[in-house]
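Novice: Handing you this structure, nothing more for now.
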Amino acid sequence: MQQVEEFRAEVRAWLADNLVGEFGKLKGLGGPGREHEAFDERMAWNRHLAAAGLTCLGWPVEHGGRGLSVAHRVAFYEEYARADAPDKVNHLGEELLGPTLIAFGTPEQQQRFLPGIRNVTELWCQGYSEPGAGSDLANVATTAVLDDVGEQWHINGQKVWTSLAHLSQWCFVVARTEKGSKRHAGLSYLLVPLDQPGVQIRPIVQLTGTSEFNEVFFDDAVTDADLVVGQPGDGWRVAMGTLTFERGVSTLGQQIRYARELSALVALAERNGAAEDPLIRERLTRAWVGLRAMRSYAMATMDVEQPGQDNVSKLLWANWHRGLGELAMDVIGPAGVELPGGEFDEWQRLYLFTRSDTIYGGSNEIQRNIIAERVLGLPREAKG
């Protein structure tokens, strides 16, 4: 296998050679709260990456990946972030569903779906959250029933906060397939096509004025009987497997983007005089320390499976990033409430979107309950 630093140099050189011209105009675009930016152009860039063998780096070679180590993947994401490359459009397929199918899917499912994910020709969204089951996934009410001839699942219910559903062709859906079942039992993990009469997608307008989240309604929607990942009723185990892939090595690239945001904020504070305030200086310093601590934790746990490490990681980055948005408003001062061009600037958008960081992907309360109950062995929270 190629040495990590050799691979890093290869990635750095490739990005320097290819992130130019029309692709060069995409630098810094996309990402949470900004998925609307140049989406089609970023898809073309993502396909360009795929053609160069720079997607699905950790997938096994037999499934079309490169079988690279965690260290190689960390190097890729670090160089990708340092180059200010645009956010990829295929994160949910490449980093979540693909590994899930490799771990739990049938050979037929792998052959059908992995090439489209790898080549960025089919996009996926995640059908987990519901109006009554946000962070509490075990409370899912969406149902799926196998028809009398055993050929199709019929799906009814509603999902919410479904990122990029309006731009996706497929959704991996957790649904209740055993009548009368409760909590973790009786759930199944289904692969559902979105382009069909039984599916309605309604974008949700966010605080930022954009709409990357959606409501998805299933009204007797269908999918083939063999498009259940794992066994029927085993959906909880598969869904938890997907969540373990969600907080992987890409968090290192995320942290470099955070470092870039912090550096830009420090520069702004120096330009407008906010850095002369000792309280602002202290908070900027604490933000730098928090970012270093976050990176140290990620590096220390990257190759080691420990109970609760994903939950700790989520708490660290979500609270840090939300705090950065609040700090940005204090650095800007009264100008932060003005809209001179009629639209939010980058700092206002950062502040508004980061209010959701501690909610999506599992709220702070859920993360802390999991750590308390499953890691520290404390009594379960009393249910009202």
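The values are calculated or read from the model by the stated rules, or taken from the named source; none is laboratory data. Since the structure is predicted, the reported quantities are computational estimates derived from the model, not experimental observations. In this analysis, Cβ positions are derived from the backbone assuming ideal geometry, glycine residues included, and neighbour counts consider all displayed protein chains. Just so you know, the surface numbers come from the protein's heavy atoms only, side chains and all, with ligands and any DNA or RNA stripped out. Shrake-Rupley method; radii C 1.70, N 1.55, O 1.52, S 1.80 Å.
Novice: From Cα pairs below 8 angstrom and at least 6 apart in sequence, can you work out the relative contact order of the chain, rounded to a whole percent? Provide the component values of the computation, followed by the final result.
Specialist: On the way: 602 pairs, mean separation 52.5, N = 384.
Rounded, it is 14 percent for the chain.
Novice: Pull up the cross-link candidates among the lysines for residue 25, meaning alpha carbon to alpha carbon under 26 Å and not fewer than 8 places away within one chain.
Specialist: In chain and number order, the partners are 88.
Novice: Let me ask you something else. For every helix of n ≥ 4 consecutive DSSP H residues, a contribution of -39,500 (n - 2.57) applies; sum these over the chain, divide by its total residues, and give [θ] at 222 nm rounded to the nearest 500 deg cm²/dmol.
Specialist: The per-residue figure over the chain is -13500 deg cm²/dmol.
Novice: Okay, next question. Rounded, prolate or oblate: which one fits the range 1-100, using the alpha carbon gyration tensor with axes a ≥ b ≥ c (rounded when a/c is under 1.5, else prolate when a/b beats b/c, else oblate)?
Specialist: oblate
Novice: Let me ask something additional. For the range 179-333, what does the convex hull of the Cα positions come to per residue, in cubic angstrom?
Specialist: Values: hull volume 26.6 nm³, N = 155.
Expressed per residue, the convex hull around the Cα atoms of the range 179-333 is 172 Å³.
Novice: In whole Å, what are the Cα extents of the chain along the three principal axes, biggest one first?
Specialist: Projected onto the principal axes, the Cα atoms of the chain cover 72, 53, 45 Å.
Novice: Any chance you could give the angle, 0 to 90 degrees and rounded to 10, that helix 278-301 forms with the longest Cα principal axis of the chain?
Specialist: Once rounded, the angle reads 40 degrees.
Novice: Show the residues, 5+ positions off or on another chain, whose built amide H is closer than 5 Å to the amide H of residue 163.
Specialist: 126, 214
Novice: Another question about this same structure. Could you point to the residue in 297, 197, 229 farthest towards the positive end of the range 177-329's charge dipole, with +1 and -1 charges on the Cβ of Lys/Arg and Asp/Glu respectively?
Specialist: 297
Novice: If you roll a 1.4 angstrom probe over the protein chains with everything in place, what fraction of the accessible area of the chain belongs to carbon and sulfur, to the nearest %?
Specialist: Carbon and sulfur together cover 54 percent of it.
Novice: Using 0.36 nm times the number of residues separating residue 337 and residue 226, minus their current alpha carbon distance, what extension gain do you get?
Specialist: The residue 337-residue 226 span can extend by a further 34.7 nm.
Novice: Same structure again: Counting only heavy atoms of the protein chains, get the accessible area per residue of the range 4-88 (1.4 Å probe) and round it to a whole Å² value. List each step's numbers first, then the result.
Specialist: Details: 3650 Å² over 85 residues.
Computed with neighbouring chains in place, this is 43 Å² per residue.
Novice: Alpha carbon centre of the range 256-310 versus the range 134-195: separation in Å?
Specialist: What the calculation gives is 38 Å, centre to centre.
Novice: Okay, next question. Can you put 106, 244 in order of accessible area, largest first, using a 1.4 Å probe?
Specialist: Details: 106 55, 244 75 Å².
Sorted descending by solvent-accessible area, the residues read 244, 106.
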